[in-house]
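Notes follow once the structure below has been shown.
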Amino acid sequence: QARKKVRRFAFSAYRPVLIVLIALNTVVASSMATVAAYLNSQGNGADHISRFWGRLNLALSGVAMSVSGREFIDEKQPYIMMANHQSYYDVFALIGYLPLPLKWVMKMELRKIPVFGIACEKIGHIYVDRGNSEKARKSLKTASEKIRAGSSVVFFPEGTRSPDGKLQSFKKGGFVMALEAGVPILPVTVTGGRKILRKESLRISPGDMKLIIHKPIPVNEYTYETREKLVERVRKAI
């Protein structure tokens, strides 16, 4: 019990330093990834930098990661990857430990973050303006083109982080895209992130996280009219 108190005290003293370290390495990694994308737009240099960035921030935060279900991934197959969302640390975990070239569908507000926002745009991530349906449709069309070019695209179908850890209702955009692109959906369950960093908080705590990769779900047996059944199947898997 005494050791736990000492560890908690030590981490509380380290926490402000950790926040600064994450901010600094995000700026550095974003700049490096942007340069890598400019130098070789067809290469995977930016993906390697992003993966290192995700793993580094998990390690700095005292997060122990485990992954199950890697055998379900065919690295030559593009997917629309869908995961639950409880914490910003879900992003670190997915970027760091999914062995796929990933493009993210992100809310437009993140574009305003200095350096990071521009870098994400330059390396091919997709911003969606949820307040403008026409722009949102164009963004999803861009994402479909990236899938056809061989990239897997990541969606948080809940749209935002869950405040209480319970799975929220799913938005339909990613499912429509999967049907149009004809690529399988890869469901992933992320656990532990909420204990490390809750929504609307900067109180980071060390802990355990796990990615559970589920069997891909083919979409060729569904249509636009029956997409609700597809939504329910993915939701049940997650």
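The values are calculated or read from the model by the stated rules, or taken from the named source; none is laboratory data. Bear in mind that the values here come from a model prediction, so they are computed numbers and not experimental data. Cβ placement follows ideal geometry from the backbone for every residue including glycine, while neighbour counts extend to all protein chains displayed. Ligands, DNA and RNA are stripped out before the accessible areas are found, and what is left, the full protein with its side chains, is counted by its heavy atoms. Shrake-Rupley method; radii C 1.70, N 1.55, O 1.52, S 1.80 Å.
Quick notes on this structure:
- Whole-Hz couplings from phi, Karplus 6.51/-1.76/1.60, listed for region 150-165; x for Gly and Pro: x, 8, 8, 10, 9, 10, 9, x, 6, x, 7, 5, 6, x, 10, x
- Estimated inter-spin distance, residue 137 and residue 167, nm [label 7 Å along Cα→Cβ]: 3.0
- If R0 is 25 Å, the Cβ-Cβ spacing of residue 31 and residue 180 corresponds to a FRET efficiency of close to 0.15.
- Principal axis dimensions, the chain - Cα atoms, whole angstrom, descending: 59, 41, 37
- Normalising the average separation of contacting C-alpha pairs (under 8 angstrom, six or more residues apart) by the number of residues puts the relative contact order of the chain at 25 percent.
- If R0 equals 30 Å, the separation of the Cβ atoms of residue 148 and residue 19 corresponds to a calculated FRET efficiency of about 0.15.
- Cα pair distances in region 88-187, grouped into 5 Å bins until the bin that holds the longest one, percent each: 2, 11, 22, 26, 23, 12, 3, 0
- Local net charge near residue 70, Cβ-Cβ under 13 Å (Lys/Arg +1, Asp/Glu -1): -1
- Dimensionless Rg over Rh [region 114-238; C-alpha; Kirkwood]: 0.98
- Restricting region 52-147 to GluC sites (Glu not before Pro) that sit in a DSSP loop and have at most 10 other Cβ atoms within 10 Å of their own Cβ leaves 75.
- FRET efficiency estimate (nearest 0.05) - Cβ-Cβ, residue 224 to residue 112, R0 22 angstrom: 0.05
- Rounded to 10°, Cα long-axis angle of helix 227-237 versus longest principal axis of the chain: 30
- Computed over neighbours whose Cβ is under 13 Å from that of residue 103, the net charge equals 0, Lys and Arg +1, Asp and Glu -1.
- Between 0 and 90 degrees, the angle of helix 2-39 with respect to the longest Cα principal axis of the chain falls at about 40 degrees.
- Links that overshoot a 19 Å alpha carbon limit, given the list 122/172; 107/236; 4/195; 138/199; 138/236; 172/229: 122/172; 107/236; 138/199; 138/236
- Per residue accessible area in Å² of region 81-238, where ligands, DNA and RNA are left out and the probe is 1.4 Å: 49
- Over the chain, dividing the summed -39,500 (n - 2.57) contributions of all DSSP H runs of at least 4 residues by the number of residues returns a 222 nm mean residue ellipticity of -15000 deg cm²/dmol.
- Inter-site label distance for residue 232 and residue 44 at 7 Å from Cα along Cβ, in nm: 3.8
- Summing Lys and Arg as +1 and Asp and Glu as -1 over all other residues whose Cβ lies under 12 Å from the Cβ of residue 216 gives a net charge of 0.
- Averaged over residues, the count of other Cβ atoms within 10 Å places the peptides 31-38, 49-56 in the sequence 49-56, 31-38, highest first.
- Taking 18 Å as the straight-line reach from the Cα of residue 103, the aspartates and glutamates in range (excluding those fewer than 8 positions away in the same chain) are 47, 74, 75, 90, 121, 129, 145, 158, 180.
- Projected over every direction and averaged, the convex hull enclosing the alpha-carbon atoms of region 1-120 yields 9.3 nm².
- The H on the amide N of residue 152, modeled in the peptide plane, is under 5 Å from the matching H of 79, 103, each at least 5 residues off or on a different chain.
- Rounded to the nearest 10 degrees, the inclination of helix 45-60 to the longest alpha-carbon principal axis of the chain is 40 degrees.
- Theoretical gain in end-to-end length, residue 8 to residue 202 [0.36 nm per residue, Cα-Cα removed]: 68.3 nm
- Rg followed by Dmax, in Å, when region 176-225 is reduced to its Cα trace: 16.4, 45
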